[in-house]
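Below is one structure, written out as structure tokens; comments come after it.
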4 protein chains.
Amino acid sequence: MSTPLSGQLHSDHHVLEQRVYFEDTDFTGVVYHGRYLNFLERGRTDYVRLLGIHHHEIGDGLHGESLAFAVHRMELDFKKPARIDEIIHIRTNRGVLKGPRLIFNQIITRGEDVLLQAAVTVVLVNPQGRLRRFPQKMIDDMGVVQGKKN
Amino acid sequence: MSTPLSGQLHSDHHVLEQRVYFEDTDFTGVVYHGRYLNFLERGRTDYVRLLGIHHHEIGDGLHGESLAFAVHRMELDFKKPARIDEIIHIRTNRGVLKGPRLIFNQIITRGEDVLLQAAVTVVLVNPQGRLRRFPQKMIDDMGVVQGKKN
Amino acid sequence: MSTPLSGQLHSDHHVLEQRVYFEDTDFTGVVYHGRYLNFLERGRTDYVRLLGIHHHEIGDGLHGESLAFAVHRMELDFKKPARIDEIIHIRTNRGVLKGPRLIFNQIITRGEDVLLQAAVTVVLVNPQGRLRRFPQKMIDDMGVVQGKKN
Amino acid sequence: MSTPLSGQLHSDHHVLEQRVYFEDTDFTGVVYHGRYLNFLERGRTDYVRLLGIHHHEIGDGLHGESLAFAVHRMELDFKKPARIDEIIHIRTNRGVLKGPRLIFNQIITRGEDVLLQAAVTVVLVNPQGRLRRFPQKMIDDMGVVQGKKN
């Protein structure tokens, strides 16, 4: 089976295929709950990179500050556990922008089974950790949907 | 500074002191968001152990099945980042029982600063992954509060 | 770029392509040294699986015991660091058998650069942690070379 | 049981007490081999900090460069596995200097049992990854032994 290393880019979502290795499991025999955050982050990272956003290029046009993504909030629903050697798929839906916050809905599946549902809010912060709005170019590149402000 | 390795047990909560090491940080210079789940799990584990619940003793009086804790849902609000070498405190409040679900409110602080707020729902599952109610003895040992059923 | 998820199997070695993600880096800006052990383990695991050895099938023909691989010794030479987003290749050479020990020479590269050289000795242990010799069928399946006994 | 969070500083070694948590184990039921590198790093870090060396203070008196520790080589002998909930001790012996390389012998024990023996070579590198000799003040602060040059 061959698969793009960075996953498959679709018009409104991205899918990354990954393997479960020893490092992901714990003594209960299934994947340790905290490891799913790594899988989710790999999915978001590859999606955003394929959309043309690079870590070293994130800059604020107004101030010239160096900015970084930061996870602001997560809601995680664990449905079923993954096990060693299994192949899982991380689907990341197109981001929804609500003011300075960008929300990615993500889902991890194994075949037909849904293993995890997640809503991940990311923000842009400057080196002092202060919130910055997403530059318009980045919004355009990522094709994000405007959600309701709140 | 001396501290109990398993943290301090209070009447309605538990506090675990931990250090941030290299392994916890990422290239942005702060703690990787996924690592906070390890800190939260260390806090819950030490709290539950000090309350007298042990991994190898969890059994269902009715069926004699071997049961295990599983994380069912998490809500995480990331407030401020921790950095290398810092000392953080993980506070775990007494669990609230809602039917088969046990909810722990947890907070990670660094001095006066709140770094993370979390609501973590755990359940008991049998080896086939099926939900089981918490045995009364475990409820009594953990001194959990009865929440509204839903 | 497309690549087999489980890497490429060659006559006397295996190559696995992997991406460096946030989780792999630390605050010094490069990959945390301990994470390379995950990359090495992913390479060995995929190699051994492609050779037809499965975790749930490892059994000792003589005693019917359930056996597991365990890492016995590692020698690691760190040459150059990898960084976020980079693509690295984990090459695992055909194992060399010395008595009950199986030695895999592994190398991690990024393009032309050698990042890490490793010699990893694995053994088979029973559930009580006692050393067992590799069954002949497993030796045959893995096509391992007989090294000098010592 | 109370223990200093940063471990105990002795005249020629340091001992750090740590707990094994879920995150450290894998599906085989014991601690994942790669996690021992975290325990070793925690021990070295706390030892070096107690000796007065801080990440943000490491500077080369001659060039004013910002320097960082990097792991250069590791030899690891895995003797026995640790399991969930166990308390382990990481002993780090006083460093031995050989030219630009500083070697720490480390041992992880559980009660009377030796779990892991390690020889860890660390070096100082500048931001371009080039090797720098340890400044004399750092050598003095760490009380390192002069080994045979090679």
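Would you please name the residue that is nearest to residue A:16 (Cα to Cα), looking only at residues in the range C:7-42 that are touching a strand residue (DSSP E or B) at 6+ places or on another chain (Cβ under 8 Å) and among the polar types (S, T, N, Q)? The selected residue is C:18. Residues in the range A:18-40 that are at pLDDT 95 or above and in contact with a Gly (Cβ under 7 Å, 6 or more places away or on another chain) were compared, and the one that is surrounded by the most Cβ atoms within 10 Å (Cβ to Cβ) is A:37. Scanning the range D:109-136 for residues that are away from chain C (no Cβ under 14 Å), in a strand (DSSP E or B) and out of contact with any Pro (no Cβ under 9 Å at 6 or more places or on another chain) turns up just one, D:109. Would you confirm, using the coordinates I've provided, whether residue D:59 is modelled with pLDDT under 95, within 24 Å of residue B:50 (Cα to Cα) and surrounded by fewer than 20 Cβ atoms within 10 Å (Cβ to Cβ)? Answer is no for this residue. Checking each residue in the range B:94-108 for being surrounded by fewer than 17 Cβ atoms within 10 Å (Cβ to Cβ) and over 18 Å from residue A:73 (Cβ atoms) picks out B:98, B:99, B:100. Restricting the range D:109-134 to residues that are among the β-branched types (Val, Ile, Thr) and touching a Phe, Trp or Tyr at 6+ places or on another chain (Cβ under 6 Å), the residue that is surrounded by the fewest Cβ atoms within 10 Å (Cβ to Cβ) is D:122. Pairs meeting the criteria (first residue in the range A:42-54 and under 19 Å from residue B:33 (Cα atoms), second residue at pLDDT below 95 and among the aliphatic types (A, V, I, L, M), beta carbons under 7 Å, at least 6 apart or on different chains) are A:48/A:142. Inside the range C:21-48, residues that are at the interface with another protein chain (Cβ under 7 Å from one of its Cβ atoms) and either not in a helix (DSSP H, G or I) or not hydroxyl-bearing (Ser, Thr, Tyr) (or both) make up a count of 15. Among the residues of the range D:86-98, at least one is more than 30 Å from residue D:138 (Cα to Cα) and either more than 14 Å from chain C (Cβ to nearest Cβ) or touching a residue at least 24 places away in the same chain (Cβ under 8 Å) (or both). Among the candidates B:11, B:66, the residue that is hydroxyl-bearing (Ser, Thr, Tyr) and free of Cβ contacts under 8 Å to residues at least 40 places away in the same chain is uniquely B:11.
The values are calculated or read from the model by the stated rules, or taken from the named source; none is laboratory data. Quantities reported herein were computed from a predicted structural model and do not represent experimental measurements. Cβ coordinates were reconstructed from backbone atoms using ideal geometry, including for glycine residues, and neighbour counts include every protein chain displayed.
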